[in-house]
1. Mind checking which residues of the stretch 442-462 are within 28 Å of the chain's Cα centre (by Cα), surrounded by fewer than 15 Cβ atoms within 10 Å (Cβ to Cβ) and among the hydrophobic types (A, V, I, L, M, F, W, C)?
2. Condition first: closer than 30 Å to ASP579 by Cα, open to solvent by less than 20 Å² (accessible area, probe 1.4 Å) and more than 22 Å from the chain's Cα centre (by Cα). Now tell me which residues in the stretch 484-541 satisfy that.
3. Hey, does the stretch 587-598 have a residue that's among the small types (Gly, Ala, Ser) and either open to solvent by 40 Å² or more (accessible area, probe 1.4 Å) or within 30 Å of GLY497 (Cα to Cα) (or both)?
4. Which of the residues belonging to the stretch 666-695 are among the hydroxyl-bearing types (Ser, Thr, Tyr), at pLDDT 95 or above and buried (at least 19 other Cβ atoms within 10 Å of the Cβ)?
5. Can you name the residue in the stretch 638-655 that is surrounded by 17 or more Cβ atoms within 10 Å (Cβ to Cβ) and within 27 Å of the chain's Cα centre (by Cα) and is also nearest to LEU543 (Cα to Cα) among such residues?
6. At least 2 residues that are hydrophobic (A, V, I, L, M, F, W, C) and out of contact with any helix residue (DSSP H, G or I) (no Cβ under 9 Å at 6 or more places or on another chain) in each: list the strands (runs of 3 or more DSSP E) lying fully within the stretch 178-267 that qualify.
7. Taking the stretch 70-108 as the search range and keeping residues that are of a type in the set (Ser, Thr, Tyr) and more than 13 Å from the chain's Cα centre (by Cα), which one is nearest to TYR278 (Cα to Cα)?
8. Of the residues ALA274, ALA265, ALA239, only one is at pLDDT 95 or above, farther than 30 Å from VAL358 by Cα and touching a Ser or Thr at 6+ places or on another chain (Cβ under 8 Å); which?
Amino acid sequence: MFNPTHRPRQIPLTLAIAASLLGICDATAQSATATSGDPPQPATTLDALEVRGVRNSLETERSLTPGGVTVLDGDEFHDRTVNHMADALRFVPGIWTESTTGGDAVYFSSRGSNLDATHYDGNGIKLFQDGLPVTTADGNNHNRALDPMSARQVVVARGANALTYGASNLGGAIDFTSPTARNSPGHQLMLTTGSHGLRYGRLTLGGVSGDFDAQLTLDDKTRRGYRAHSRQDRTGVYANAGWQPRDDFELRAFATYIDSDEELAGPLTRAQFADDPYQAEAAAITGHYQLNVRTARLAVKGDWRIDDRQHLTFGLSYDDQHLYHPIVDKVMVDFDGPGPLPPVEVFSLLKNNDQRTVAGMARYNIHLGNHDLLAGMNLATTNETGGLYRNDGGRRNGMSTAVDNRSDSVEVFLVDRWRLADDWTLVYGGQGVFTRRDVRNTDLANGIVRNPRADYTAFNPRLGLIRHLDGLGEAYASLGRLYEAPTTFELEDDVRGDGSTLDAMHGTVAELGLRGQTTSSSGAAQWRWDVSMYYARIRDAILSIDDPHAPGTSLSSNIDRTAHAGLEALIAARFAAGDHHHIEPRISAAYNAFSFDDDPRYGDNTLPAAPRYVVRGELMYRHDSGFHAGPTFDLIGARYADFSNHYRVGAYHLLGLRAGIERERWSAFAELRNLTDEAYVGQLTVRDRADPGDALLQAGEPRSAYMGVRWRF
């Protein structure tokens, strides 16, 4: 199994609190060493063995999947600047992700998912943490992007390749595995600083004592932002504790608390962008647009290797999220013209709600002869309560709509990896989805209740074949069904507005690919490759446009047919350049062809938001002493901001440079981004038909410099 208000925060306070615990953890670790009677060993030795075992297990699962899967080592995130999830997923082909203004609020799309105006809900990709669902029961990831610096491993299973997670989304699944005291350095301190007022500190304390282990991480981040009105302040606490009474059984509890306040700068028109791309939209300042999220999460997970053939994992989680989100300033209309009456507010918006999700999962794996069977289940129920308020400069000014949304989801799956012969594996299975949506919005002005509700069920089969290539990797082909029910946001925004419900998105995807690596030998060049091509025909895709009459809200509808095709590639190599010297190029590339398919209104127009191509790479020099340095680059193709393909956003090219050094107990890095200081569009807002005067554009990061250091002790 792959498997409401800003408050000042200071890093020194966070670190001081954590430092007071250091003596306790040190005493625990020393006690454990004394009890065992063994001489102390360098922590990195055991850590390396633990991490290698986990990664080997993930790579084995990847080799049994007939499609695109990427495994990331979280330790690599310490070698470069990783401010948000977009930075972490930089080298994952097929994933298009950008931060709004350099903060935690990110847009992400996988294989053409989420290409519309409701990109803020992040649907189309199912997120997991330690194998437990984080995505809500209705499929949205609203305000719940995970912190990549809290990941030991990250698995990205694109499209139908997420079957082993029980997912059938267009974009697939991403699973973040937490570090523990058993698979990472016991104590470490990380400090990062840089452009746009970034100050980030992170302290981790942990230890192992007999059957028990525990780890606590405190972090604090403050950034002014590179656009006006884009400040972020965030504090996080991450903890886990494990009980491992024997080698084949582990029970682990997790606790997370994140308090993030982030200002939003808003989109600009073309003229405003040309004048100053880093200014804020005027309404964002007067309306004090913010994304303030407070999240608390508790989880428990069990892992039992019953015998050498059977493996069971199971878990439960509870996620409580509080949102305070002023997003639309007062829209004023002068009904009296030149008369004496003042303009009247006709619309403004501040979302303030609580969202609670209870989730569970179980996975059972058994080997029967040449059959490797995996059965599993995901359960989730989500309740969103609160309201939509009028916005008075970032303050609530009376509730206009009461919100009470509920959703439930059950996903079950079974997959068999059947070794037909030494070089051939047949992969077949299916997923069943049973999910319910119940949206209840009450207009407090007139008492009218909108209550779209529906049940959605589907069976989604999967068939694939893998040819193992003599230790050099695998060639694969697969065919599968995609299915995704609408989110509560999409049901709320149904363009018909008459209580009708949207249909679920469904379709078929075919994929071919080749992955592998050359065997290492002294002095020889080493290559690693992962290339896949896919084509998906989608029926009833749910697409939303920004409502021009109520900015900040959307209109959703089903589209009869769309097509999603692409080429994804990750190529890396290592060349010897004399004794102790190496050159390591790495390129992640994707070519995207996402379009309407003979639509009566849009014809074969290109779907908006996704660039035609995305190429990200680096060329690193590495010395055996631990030093590395080299250039980085980004080549991003053009895209549209509307379904009508009248508003085109041009391509851009970025150049950067990074360097670092790794020692036994410490490491450091420095990075320069956008060396040419190119002004480019990072994110955009989607319209049906956009005009040059529409405010749609948000600038990407200008020239920036960052540096960081990490101590392990």
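1. PHE459
2. Selection gives ARG515, GLY516.
3. Yes; the residues of the stretch 587-598 include at least one that is among the small types (Gly, Ala, Ser) and either open to solvent by 40 Å² or more (accessible area, probe 1.4 Å) or within 30 Å of GLY497 (Cα to Cα) (or both).
4. SER667, TYR680
5. For the stretch 638-655, the residue satisfying everything is PHE643.
6. The strands (runs of 3 or more DSSP E) meeting that bar are 232-246, 249-263.
7. THR101
8. Criteria check complete, one pass: ALA265.
The values are calculated or read from the model by the stated rules, or taken from the named source; none is laboratory data. Since the structure is predicted, the reported quantities are computational estimates derived from the model, not experimental observations. Please note: Cβ atoms are built from the backbone with ideal geometry, for glycine as well, and neighbour counts cover all protein chains shown. Each accessible area value is taken on the protein alone, full model and side chains, heavy atoms only, with ligands, DNA and RNA left out. Shrake-Rupley method; radii C 1.70, N 1.55, O 1.52, S 1.80 Å.
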